[in-house]
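Colleague: Just passing along the structure, written as structure tokens.
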Amino acid sequence: MTEKNFQNFDLRQKVRRLLLYIIITSFAILVLFPFFWMILVAMKDEGEVFKLSLKLAKPFYKNFVEVWKNPYYPFWRFFLNSVIVSVSGGVITTFICALGGYVFAKKDFYFKEQLFWFLLSTMMIPGMMFLVPQFAIVTKLRWMNTYQGMVLPHVASVFGLFLMRQYMQTIPDEIIESARIDGAKELQIFFRLIVPLSVTVITMLFLLSFLFHWSNFLWQLVVNTPESDKLTLPVGLALYKGQYEVFWTKLMAASCYSIIPIVILFLFAQKYFIQGLTVGALKE
Amino acid sequence: MKRKLYDTITAYLFLLPFLIFFFSFLAYPIVYSFYLSLRKVTVETSFYNIFSDMKFCGIENYVRLLKDTEFWFSLLTTFYYGILSISIGMFVSFLLAAILNSKLKGFKIYRSAFFLPNVLDMLVVGIIWTLLYAPQYGIITKVANAIGMVLPQKGILGDPRTALLGVVIACVLKNCGYGMILFLAAMQNISPSVYEAAEIDGVSEIQKHVYITLPLIKPIIFFLIVTGTIGVLNSFTEIYAMTAGGPIATLFGKTYKATQVTGYYLFLQWERMDYGFAAAVSYVLLIITLIFSFVYSKILRWK
């Protein structure tokens, strides 16, 4: 190659890279723009919503305070309910899946394979299928407008069981055997040995099931009647939007209460979210 | 033998909590749903005990369902929605992954930015988009007008021709990061020397992806189609938040709702307290899912 050709090639490479940066950056702006707009509108006065300006309300946090204190739509209460539902859903799911995943990973028992395939095959069924029968069961149990009604029908996560099993299979059998020889009981082995060795996957599943319950809108809508005091954030938002003429600044401020905590959680723990959500796909 | 018996007892004790929840809220409902689908709520049904007091009606609900054009239209809508969202979503995910894979600076920041919306609540994201799409005054309409594009008078979500596409765009931008991460993971397994060899042979950028990358990421494509199908059959929240099934469209002299997917249709039957009928809808949905998984598993084996 002559010197000139070489320079041309170099220039072409540079232009190409620049082009890639432009495409990817505009996509990133597009993807994040709705959230920027949500925060911006939440800080505006109602009259400014549709103006393309950066003029903020005085004080800029006005809407956040008003929404929080709204007597008819108490968003502090919705927020609290969402936290209770998501934390308890996360804890219960993680606990029962860890117990189950452990025996699928480390024990040999009758009907193990059959049970495992039966459980896995239900993963193919769309959750929408369960709406009516689960609603009927919850009604019969008189669990309408309760936390247990919102949480318990959705804690048996086959995905979670699978995730736990995958991870716990990597724990060497020798450690478990030697603990057993030292006289450890089954529960001791699980709590003193398996759990500490599985902190990563436990965190992962807790975060994912927390997230699942945080956004489990349809079910929370179905289990609560509008006058329930157990309404969660998304249900409260949906009712608020449906009730009056839409006050966009208030609606966006209320949306921030649902989005921003999750964004913060994501920024701190993104490794767990990404690994947890992709592990199922990449194992196959 | 004795060891296995002992292990079996311990194993089922450990599994007990999971299995209690699994059988009461996932396995039993599949059977129970069928039972309900053969019954209906009548005027005599006690309001306080609806589900124990429904009357047996044979396959009446199924007959009614098969005759209901609204149901068939919702299936068509779901199908159309699935094709649009899965293909556009996959294309965008692949494009982003291919670009990010060419060793750009700030790789991690871009990756987080694209993945972030995945973990956010669909309902809230849907509400934000209704603001962005608002007719006449919404920012998207304003930007489109500024560059000389004419959007429908009633807004993208208000016009039956564009409403479903509007929902798809919002969902693709929310979810594309997931497919991107999967594609990226697969691409990073491909050794750079393969591409270098191809470059020396004078293969173009696009050919490189068609002949080298594509065959190696086939399993991911398959996975995204399967999970995408389940997701589409499940789709409800985005429709509830953005269009509530509307706007009304006219086809062959009948009126239909342009974004009423089957999941939303099922919800409406529940809302009308037509529980037997809604159970029948769920069962037909289950059968459709089974057909899809059967076809997919055949394709997988055939490959």
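Colleague: Where residues in the range A:205-245 are away from every other protein chain (no Cβ under 13 Å) and over 19 Å from A:P74 (Cβ atoms), which of them is surrounded by the fewest Cβ atoms within 10 Å (Cβ to Cβ)?
Modeller: Of everything passing the filter in the range A:205-245, A:E245 is surrounded by the fewest Cβ atoms within 10 Å (Cβ to Cβ).
Colleague: Looking only at the range B:78-105, count every residue that is over 23 Å from the mean Cα position of the chain (by Cα) and of a type outside the set (S, T, Y) and tell me the total.
Modeller: At the first step, the residues of the range B:78-105 found to be over 23 Å from the mean Cα position of the chain (by Cα) are B:98-105.
Right, trim to of a type outside the set (S, T, Y) and you get B:98-101, B:103-105.
Looking only at that region, the number is 7.
Colleague: For A:Y21, which of the numbered conditions (1) within 25 Å of B:W129 (Cβ to Cβ); (2) surrounded by 14 or more Cβ atoms within 10 Å (Cβ to Cβ); (3) without any contact (Cβ under 8 Å) to a residue 60 or more places away in the chain fails to hold?
Modeller: (1)
Colleague: Now a separate question. Is it true that B:A144 is assigned to a helix (DSSP H, G or I), of a type in the set (G, A, S) and free of Cβ contacts under 8 Å to residues at least 24 places away in the same chain? Step through it out loud before you land on a result.
Modeller: Working: assigned to a helix (DSSP H, G or I): yes; of a type in the set (G, A, S): yes; free of Cβ contacts under 8 Å to residues at least 24 places away in the same chain: yes.
Answer is yes for this residue.
Colleague: All but one of (1) under 30 Å from A:T203 (Cα atoms); (2) not in a helix (DSSP H, G or I) hold for A:V91; which doesn't?
Modeller: So A:V91 meets the others, but not (2).
Colleague: Report the residue count in the range A:148-172 for those that are touching a Gly at 6+ places or on another chain (Cβ under 7 Å), over 18 Å from A:Q275 (Cα atoms) and of a type in the set (A, V, I, L, M, F, W, C).
Modeller: Number of matching residues: 2.
Colleague: Of everything in the range A:114-149 that's aromatic (F, W, Y) and assigned to a helix (DSSP H, G or I), which residue is nearest to the other protein chains (Cβ to nearest Cβ)? Give the steps one after another, and end with the answer.
Modeller: Filtering the range A:114-149 down to residues aromatic (F, W, Y) leaves A:116-118, A:130, A:135, A:143, A:147.
Those left that are additionally assigned to a helix (DSSP H, G or I): A:116-118, A:130, A:135, A:147.
Values: A:F116: 11, A:W117: 13, A:F118: 8, A:F130: 5, A:F135: 7, A:Y147: 15 Å.
That would be A:F130.
Colleague: Here is a follow-up. Look at A:W68 and say whether it is more than 8 Å from chain B (Cβ to nearest Cβ), exposed (fewer than 15 other Cβ atoms within 10 Å of the Cβ), in contact with a helix residue (DSSP H, G or I) (Cβ under 8 Å, 6 or more places away or on another chain) and assigned to a helix (DSSP H, G or I). Lay out the reasoning, then the answer.
Modeller: Values: more than 8 Å from chain B (Cβ to nearest Cβ): yes; exposed (fewer than 15 other Cβ atoms within 10 Å of the Cβ): no; in contact with a helix residue (DSSP H, G or I) (Cβ under 8 Å, 6 or more places away or on another chain): yes; assigned to a helix (DSSP H, G or I): yes.
Answer is no for this residue.
Colleague: Quick one: which residue in B:L75, B:L36, B:L84 is over 30 Å from B:A249 (Cα atoms) and touching a residue at least 40 places away in the same chain (Cβ under 8 Å)?
Modeller: Values: B:L75 fails: over 30 Å from B:A249 (Cα atoms); B:L84 fails: over 30 Å from B:A249 (Cα atoms).
Answer to the selection: B:L36.
Colleague: To continue, here is another question. All but one of (1) within 11 Å of chain A (Cβ to nearest Cβ); (2) of a type in the set (V, I, T); (3) under 24 Å from A:Q134 (Cβ atoms) hold for B:V41, so report the exception by its number.
Modeller: B:V41 satisfies all of (1) within 11 Å of chain A (Cβ to nearest Cβ); (2) of a type in the set (V, I, T); (3) under 24 Å from A:Q134 (Cβ atoms) except (1).
Colleague: If you don't mind, another one. Residues of the range B:185-194 being part of a helix (DSSP H, G or I) and surrounded by fewer than 17 Cβ atoms within 10 Å (Cβ to Cβ), which ones? Please lay out each step first, then the result.
Modeller: Residues of the range B:185-194 that are part of a helix (DSSP H, G or I), as a first pass: B:185-188, B:192-194.
If the condition is that a residue be part of a helix (DSSP H, G or I) and surrounded by fewer than 17 Cβ atoms within 10 Å (Cβ to Cβ), then B:A185, B:Q188, B:P192, B:S193, B:V194 are the ones that fit.
Colleague: Is it the case that B:F18 is touching a residue at least 60 places away in the same chain (Cβ under 8 Å) and touching a helix residue (DSSP H, G or I) at 6+ places or on another chain (Cβ under 6 Å)? Lay out the reasoning, then the answer.
Modeller: Working: touching a residue at least 60 places away in the same chain (Cβ under 8 Å): no; touching a helix residue (DSSP H, G or I) at 6+ places or on another chain (Cβ under 6 Å): yes.
The answer is no for B:F18.
Colleague: Test B:L104 against the stated conditions and say whether it is at the interface with another protein chain (Cβ under 8 Å from one of its Cβ atoms) and crowded, with 17+ Cβ neighbours inside 10 Å. Even if it seems obvious, please write down each step before you answer.
Modeller: Details: at the interface with another protein chain (Cβ under 8 Å from one of its Cβ atoms): yes; crowded, with 17+ Cβ neighbours inside 10 Å: no.
Judged against the criteria, B:L104 is not a match.
Colleague: Is there a residue in the range B:224-244 that is modelled with pLDDT under 85, more than 15 Å from B:G82 (Cβ to Cβ) and not hydrophobic (A, V, I, L, M, F, W, C)? Walk me through how you get there before you give the answer.
Modeller: As a first pass, look at the range B:224-244 and keep what is modelled with pLDDT under 85: none.
Taking every residue of the range B:224-244 in turn, none turns out to be modelled with pLDDT under 85, more than 15 Å from B:G82 (Cβ to Cβ) and not hydrophobic (A, V, I, L, M, F, W, C).
Colleague: Residues to consider are B:L75, B:L36; find the one that is more than 8 Å from every other protein chain (Cβ to nearest Cβ), under 27 Å from the mean Cα position of the chain (by Cα) and either in a loop (DSSP other than H, G, I, E, B) or of a type outside the set (D, E, K, R) (or both). I'd like the intermediate steps shown before the answer.
Modeller: Details: B:L36 fails: more than 8 Å from every other protein chain (Cβ to nearest Cβ).
B:L75 is the lone residue from the list that is more than 8 Å from every other protein chain (Cβ to nearest Cβ), under 27 Å from the mean Cα position of the chain (by Cα) and either in a loop (DSSP other than H, G, I, E, B) or of a type outside the set (D, E, K, R) (or both).
Colleague: Sticking with this one: Considering only the range B:201-303, give the helices (runs of 4 or more DSSP H) lying wholly within it that have at least 3 residues that are within 20 Å of the chain's Cα centre (by Cα) and hydroxyl-bearing (S, T, Y). Reasoning before the result, please.
Modeller: On the way: elements: B:205-208, B:218-233, B:237-242, B:262-271, B:275-302.
Result: B:262-271, B:275-302.
The values are calculated or read from the model by the stated rules, or taken from the named source; none is laboratory data. Just so you know, these numbers come straight off a predicted model, no measurement behind them. With ideal geometry, Cβ positions are generated from the backbone for all residues, glycine too; neighbour counts draw on all protein chains shown.
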